[in-house]
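**Q** What follows is a single structure, and I will ask about it in a moment.
Quick note: the coordinates plus some simple rules give every number you see, no bench work behind them. Since the model is a prediction, treat every value here as computed from it, not as a measurement. Quick reminder, even Gly has a Cβ in these numbers, built from the backbone with ideal geometry, and neighbours come from all protein chains shown.
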Amino acid sequence: MLIRAGLRGWTMHGVAEIGSPDFVFERKRTVVFVDGCFWHGCPKCGHLPKRNRAYWNAKIERNRTRDRAVGLLARASGFAVIRIWECDLRARPGICLDRIRRACNRLS
């Protein structure tokens, strides 16, 4: 999607110091995280398995806590942080792409 849109200058899984974002636009100081609906507790479509519910609830809450900490660290390092839900990427890719473009263009 990024290639078809003509967005250049990104790498995948760079900047491990700030939580291994899915895409990094180093020169534009922008990181993109694509959060899986199950693993990150999407409010629209995330769900908990019926079995071992306490374990999964704690696991997903730890993921969300880590996501918040990573976002704060990235912002403190001067990066714009874009978080995109898996379901939004499927249902509304154009809107997701616009969010990435706006973040990358904020420094221009």
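**Q** Out of the residues in segment 1-30 that are among the aliphatic types (A, V, I, L, M) and touching an Asp or Glu at 6+ places or on another chain (Cβ under 8 Å), which is nearest to ARG101 (Cα to Cα)?
**A** MET12
**Q** Is segment 52-60 home to any residue that is assigned to a loop (DSSP other than H, G, I, E, B) and hydrophobic (A, V, I, L, M, F, W, C)?
**A** For segment 52-60, residues assigned to a loop (DSSP other than H, G, I, E, B) and hydrophobic (A, V, I, L, M, F, W, C): absent.
**Q** Which residues, counting only those in segment 45-96, are over 26 Å from LEU7 (Cα atoms), polar (S, T, N, Q) and over 13 Å from the mean Cα position of the chain (by Cα)?
**A** If the condition is that a residue be over 26 Å from LEU7 (Cα atoms), polar (S, T, N, Q) and over 13 Å from the mean Cα position of the chain (by Cα), then ASN52, ASN57, THR65 are the ones that fit.
**Q** Moving on to the next point. How many residues does segment 6-29 hold that are surrounded by 14 or more Cβ atoms within 10 Å (Cβ to Cβ), outside any strand (DSSP E or B) and not β-branched (Val, Ile, Thr)?
**A** 9
**Q** Separate question: GLY46 versus (1) crowded, with 16+ Cβ neighbours inside 10 Å; (2) free of Cβ contacts under 8 Å to residues at least 40 places away in the same chain; (3) closer than 24 Å to ASN105 by Cα: which is the lone unmet condition?
**A** Failed condition: (3).
**Q** Still on this structure: Evaluate the following for ARG102: is it of a type in the set (D, E, K, R) and out of contact with any strand residue (DSSP E or B) (no Cβ under 7 Å at 6 or more places or on another chain)?
**A** Yes.
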